[in-house]
Amino acid sequence: MEELAYVEGEFVPLKEARVSVTDRGFVFADGVYEVIAVYHGRAFRLDEHLARLAASANAIHLLLPVDHGQLENIIKTGLGQSGFQEAQVYLQATRGAAPRSHAFPSEVKSNLVVTFRPLHPVSDEIRKKGVAVITTEEIRWNRCDIKSIALLPNVLAKQKAIEEDAFEAIWVTTEGIVYEGAASNLFMVRDGEVCTPPKSGKILSGITREVVLQCARDLALPVSETPLRIEEVLKADEVFLTSTTMEVLGVVKMDGRAVGEGMVGPITLQLNEALRKEIGR
Ligand code: PDD
């Protein structure tokens, strides 16, 4: 088994993969990305990820160099060549290599890179115990629905969380509105109702968020997608995060205070199980 990259139309060992220092992804973070989990050799919710990549590319007026079918083929071939059954596929499309100038270059081909690496799921121990999070002031732009590679605020927030012995940072505005995590969507459970902020330019419309909302509906749990305030989240019975790599991950501490009973809650466990079932299908 080998970590691989698809770059300049070829598969090469990841260590040997190179792009130009003039690539606009490197110079301006002018690009978009996706992270896809592969279980038992199959990419989970591939169509949804590829549709979101196309939507992100479209939103920044970037013409992808390949279509949906070609992307599927690249992923299938890469998985086959790497030999990984459980993998993390990272796709990144940038506006290509060009002399540095802010406006779009006129003659440039966008650059697609795909990497194939082993999946590193959250350990069973962490999943059982739940995680601590911190809140941090929302400083991002108003198009967080675009899966942009410009992630400096997210990088700084995650680092702050790690330095404070927490797993994730949660964006909260100065007015007390809660949006999502640095790399995850946020849910809370109140009196049996599963609540998450609505889709907007302030959150990424997570693929896992969507699957979990569907699981909740299938379990006949009441669901609400309305704005959340930090006071409500701090008083919630349960809080959990969702993402491709975290799946459903219980939050047991927020800014040093216990959430609910200070343990991963029953609805969090139920939804994690339901998501695992979807993955297994
Ligand atoms: N991040 N919100 C943000 C800001 C994210 O970066 C992510 C995922 C999500 C969850 O989306 P999904 O369920 O589609 O993975 C929400 C990926 C995993 C990352 O940047 O590594």
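Label-to-label distance, residue 18 versus residue 142, with points set 7 angstrom from Cα along the beta-carbon direction: 4.3 nm.
Any idea how far the Cα center of segment 246-281 sits from the one of segment 209-233, in Å? Rounded to whole Å, the Cα centres lie 13 Å apart. Carbon and sulfur: what percent of segment 4-118's accessible surface (1.4 Å probe)? Ligands and nucleic acids excluded, carbon and sulfur reach 53 percent.
Shown is the FRET efficiency for residue 163 and residue 119, computed with R0 = 35 Å from the Cβ-Cβ distance and rounded to the nearest 0.05: 0.85.
Need the C-alpha centroid separation for segment 107-147 versus segment 54-99, integer Å. Going from one Cα centre to the other spans 17 Å.
Evaluating 6.51 cos²θ - 1.76 cosθ + 1.60 at θ = phi - 60° for every residue in segment 33-50, the Karplus couplings come out as 8, 9, 10, 10, 8, 10, 10, 6, x, 10, 6, 7, 6, 4, 4, 5, 5, 5 Hz, glycine and proline recorded as x.
Taken over segment 124-280, the convex hull of the Cα atoms encloses 103 Å³ per residue.
Of the residues 36, 75, 9, the one whose Cα sits farthest towards the positive end of the charge dipole of segment 4-118 is 36 (charges of +1 on Lys and Arg Cβ, -1 on Asp and Glu Cβ, taken about the Cα centre). Other residues within the sphere of radius under 12 Å centred on the Cβ of residue 211, judged by their own Cβ, net out at +1 (K and R +1, D and E -1).
Just need the relative contact order of segment 4-118 here, percent rounded to a whole number, with Cα pairs under 8 Å and 6+ apart. In percent, rounded to a whole number, it is 38. When the charge dipole of the chain is built from unit charges on Cβ atoms (+1 for Lys and Arg, -1 for Asp and Glu) and taken about the Cα centre, the candidate among 256, 62, 173 whose Cα reaches farthest toward its positive end is 62.
Each pair of Cα atoms in the chain enters the Kirkwood radius, and Stokes-Einstein at 4 °C and 1.567 mPa s then converts it into a translational diffusion coefficient of 66 µm²/s.
Within the accessible area of segment 159-281, the carbon and sulfur atoms contribute 51%, probe 1.4 Å, all protein chains present.
The mean sequence distance of close C-alpha pairs (under 8 Å, at least 6 residues apart), as a share of the length of the chain, puts its relative contact order at 17 percent.
Our estimate of slack between residue 255 and residue 191, defined as 0.36 nm per intervening residue step minus the Cα-Cα distance, is 20.8 nm. Protection proxy ranking of 235-242, 113-120, by the mean of other Cβ atoms within 10 Å over each peptide's residues and highest first, is 235-242, 113-120.
Heavy-atom accessible area per residue, the chain, 1.4 Å probe: how many Å²? Accessible area per residue, the chain: 50 Å².
The values are calculated or read from the model by the stated rules, or taken from the named source; none is laboratory data. From a predicted model like this one, the values you see are computed outputs, not experimental measurements. Glycine gets a Cβ as well: all are built from the backbone with ideal geometry, and neighbour counts include every protein chain shown. SASA here: full protein model, heavy atoms, side chains in, ligands and nucleic acids out. Shrake-Rupley method; radii C 1.70, N 1.55, O 1.52, S 1.80 Å.
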